[in-house]
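Below you'll find the structure, written out as structure tokens, and then a few comments.
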Amino acid sequence: TNDSSSANLKVKKIQITNCHLVYNDRSIPLYLNAKGFDYTGTGDLSNAIFDLKSKLEIDALDFRFDGEEYLREKRINADLVTQINTNSLALIFRRNDLRINKLKLDFSGDFKFLSNGYALDFKAGADNIKLYSLVTALPPKYLKWLEKTEVKGNSDLLFTLKGNYIVSQNEKPNVRFDMNIREG
């Protein structure tokens, strides 16, 4: 009782191997199902603000939001650097290379917890990618025709999601998608 020192846990590495992760948040509603989930994260987690360097591989990811299926059995690979602020509960996605099937994206942004929701500011994009690579990442309902279709050309794309998500006020972030196609 006379010792004024506090307990401190220093984690240098987090490793998860060959897991099946399911996240089902009905309040949003958001559903993730990740099979063959491998994750390695390093950083000094004892600091209030730290960079978490992560490597992520998922053999098959399913993602649904508000009943709409966006990803089904997509292979995911990612190298991420995320600044985490445990005081303000903010995440800053600094340098992030993300691959969904054959589509390689640069991803950055901010995610902050609010008292009544979330503040989002995300940007994902790619320059001079094969159009076919983009098509392999589309939601399942758009891929039925792909087996009988020849896809050629190059593309640049930019996806942004910015604003607050506050369910009680029916406030949702703005979504924007820009795409240029050449020789398609």
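What to note about this one:
- The GluC sites (Glu not before Pro) of region 95-184 that DSSP puts in a loop, and whose beta carbon has at most 15 other beta carbons within 10 Å, are Glu150, Glu183.
- Given Lys130/Lys162; Lys55/Lys162; Lys53/Lys74; Lys112/Lys141; Lys12/Lys130; Lys12/Lys102, the pairs whose alpha carbons are separated by over 30 Å: Lys112/Lys141; Lys12/Lys130; Lys12/Lys102
- Distance between the 7 Å Cα→Cβ label points at Ser168 and Tyr70: 2.5 nm.
- Restricting region 52-156 to trypsin sites (Lys or Arg not before Pro) in coil, as DSSP defines it, with at most 16 other Cβ within 10 Å: Lys102, Lys144, Lys152
- The distance between label points at Leu89 and Arg182 comes to 4.5 nm (points 7 Å beyond Cα on the Cα→Cβ vector).
- The chain, relative contact order [Cα under 8 Å, separation at least 6], %: 13
- Surface share of carbon and sulfur [accessible, 1.4 angstrom probe, percent] for the chain: 51
- Estimated inter-spin distance, Leu52 and Ile28, nm [label 7 Å along Cα→Cβ]: 1.4
- Each stretch of four or more DSSP H residues adds -39500 (n - 2.57); spread over every residue of the chain, this sum gives -500 deg cm²/dmol at 222 nm.
- Gyration tensor analysis over the Cα atoms of region 16-87 returns equivalent ellipsoid semi-axes of 25, 17, 10 Å (largest first, whole Å).
- Equivalent ellipsoid semi-axes, the chain, via Cα gyration tensor eigenvalues times 5, rooted, Å: 34, 20, 17
- For Ser168, the accessible surface of its heavy atoms amounts to roughly 100 Å² (probe 1.4 Å, protein chains only, rounded to the nearest 10).
- A 1.4 Å probe over all protein chains sorts Val135, Val11 by accessible area into Val11, Val135, starting with the largest.
- Accessible area (Å², per residue) of region 59-182, counting only protein heavy atoms and a probe of 1.4 Å: 63
The values are calculated or read from the model by the stated rules, or taken from the named source; none is laboratory data. Predicted model only: the values in this text are computed from it and were never measured. Using ideal geometry, Cβ is built from the backbone for each residue, glycine included, and neighbour counts are taken over all protein chains shown. The protein model used for the area step is the full one, side chains on, heavy atoms only, and it has no ligands, DNA or RNA in it. Shrake-Rupley method; radii C 1.70, N 1.55, O 1.52, S 1.80 Å.
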